[in-house]
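The values are calculated or read from the model by the stated rules, or taken from the named source; none is laboratory data. Bear in mind the structure is a predicted one, so any value in this text is a computation, not a measurement. In this analysis, Cβ positions are derived from the backbone assuming ideal geometry, glycine residues included, and neighbour counts consider all displayed protein chains.
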Amino acid sequence: MTRIECIVMASGASRRFGSNKLMAELDGKPLIQHVIETAQAAGLDPIVVSVDDAFHAPVVSLCRRLGVRCALHTGTLQSDTVRCGMQEANVDAATGKPWSGAVFLQGDQPLLRPASLRALLAAFEAVPDKVSRLAWHRTPGSPVVFPAVLFDALREVKGDTGGSGVFAAYPGYQASAVLVEAACAEELMDVDTPAELERLALATKISVSIRGLTTERLGVD
């Protein structure tokens with residue numbers, strides 16, 4: 001049986017957003033709650049949220065409410081988030097066996113669908129020695145599932161890079177990655193600015209709330 005751990009990337013200062021973007025609301029829920037609930041709906045367990053405790057205290061509280069684990073760190077780089085999450089990827093507590101893979105989700109990618117995530121996991125289970133990635137029109141994006149053979153590389157990644165640092169060191173895994181098509185382009189969209197969140201809400205015709213200000217997008221063409 002293939003055992004896959006889920007790591008949600010939930011760190012960073014959200015400088016371009018101007019506030020904690022992960023707690024900005026889309027359709028009445030924080031962005032990161034959408035991501036966590038998608039992972040839960042896809043059957044992933046455990047789910048580990050790698051979070052900068054100093055900046056994301058509200059995220060920690062949300063994770064406790066949703067029943068998922070937090071891996072806390074004080075770094076400022078993307079690699080800090082990856083390494084922190086990978087510290088949890090040792091063995092399956094239920095079976096005592098090593099994980100077969102680790103899937104990385106972005107905490108600011110709220111429109112990812114459970115069906116697409118399940119399809120990605122199924123693709124990895126079919127070829128568990130390769131990287132699997134969600135894509136749109138053959139352009140790869142996130143989430144990404146890494147096989148266990150790359151765990152050490154993920155634990156040693158440096159600088160403001162995540163999986164891209166691993167691909168730079170092991171380009172063959174990038175070239176041979178299994179691509180799984182998303183249902184729509186919006187699934188792969190992340191949010192870096194309030195304007196991007198507004199555009200995402202407009203594209204999907206749902207409501208968005210930033211700093212308590214809600215704009216209804218229902219029924220907008």
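How many of the residues making up segment 70-81 are in contact with a helix residue (DSSP H, G or I) (Cβ under 6 Å, 6 or more places away or on another chain) and within 14 Å of Gly162 (Cβ to Cβ)? Summing the residues that are in contact with a helix residue (DSSP H, G or I) (Cβ under 6 Å, 6 or more places away or on another chain) and within 14 Å of Gly162 (Cβ to Cβ) in segment 70-81 gives 1. Tallying residues that are touching a strand residue (DSSP E or B) at 6+ places or on another chain (Cβ under 6 Å) and among the small types (Gly, Ala, Ser) within segment 117-135 yields 4. Looking only at residues of segment 1-46 that are at pLDDT 85 or above and closer than 14 Å to Thr81 by Cα, we find that the one that is surrounded by the most Cβ atoms within 10 Å (Cβ to Cβ) is Val8. Examine segment 151-159 for a residue that is acidic (Asp, Glu), within 25 Å of Asp45 (Cβ to Cβ) and in contact (Cβ under 8 Å) with a residue 24 or more places away in the chain, and state whether such a residue exists. Among the residues of segment 151-159, not one is acidic (Asp, Glu), within 25 Å of Asp45 (Cβ to Cβ) and in contact (Cβ under 8 Å) with a residue 24 or more places away in the chain, which makes the answer no.
Can you tell me which of Ala126, Ala135 is aliphatic (A, V, I, L, M) and over 18 Å from the mean Cα position of the chain (by Cα)? First the steps, then the outcome.
Numbers: Ala135 fails: over 18 Å from the mean Cα position of the chain (by Cα).
From the options Ala126, Ala135, the qualifying one is Ala126.
Determine, yes or no, whether Gly165 is at pLDDT below 95 and either farther than 23 Å from Glu187 by Cβ or among the acidic types (Asp, Glu) (or both). So Gly165 fits the description; yes.
Please go through segment 175-221 and pick out each residue that is at pLDDT below 85 and among the small types (Gly, Ala, Ser). Residues satisfying the conditions are Ala201, Ala203, Ser207, Ser209, Gly212, Gly219. Cβ-Cβ distances below 9 Å connect the following pairs, each with a first residue in segment 109-136 that is within 13 Å of Ala41 (Cα to Cα), a second residue that is among the polar types (S, T, N, Q) and part of a strand (DSSP E or B), and a separation of six or more residues or different chains: Leu112/Gln106; Leu112/Ser142; Leu121/Ser132. Ala195 - would you say it is assigned to a loop (DSSP other than H, G, I, E, B) and closer than 30 Å to Ala24 by Cβ? In short, no.
Thr139 meets the conditions (1) free of Cβ contacts under 8 Å to residues at least 24 places away in the same chain; (2) more than 30 Å from Ala201 (Cβ to Cβ) in every case but one. The failed one is (2).
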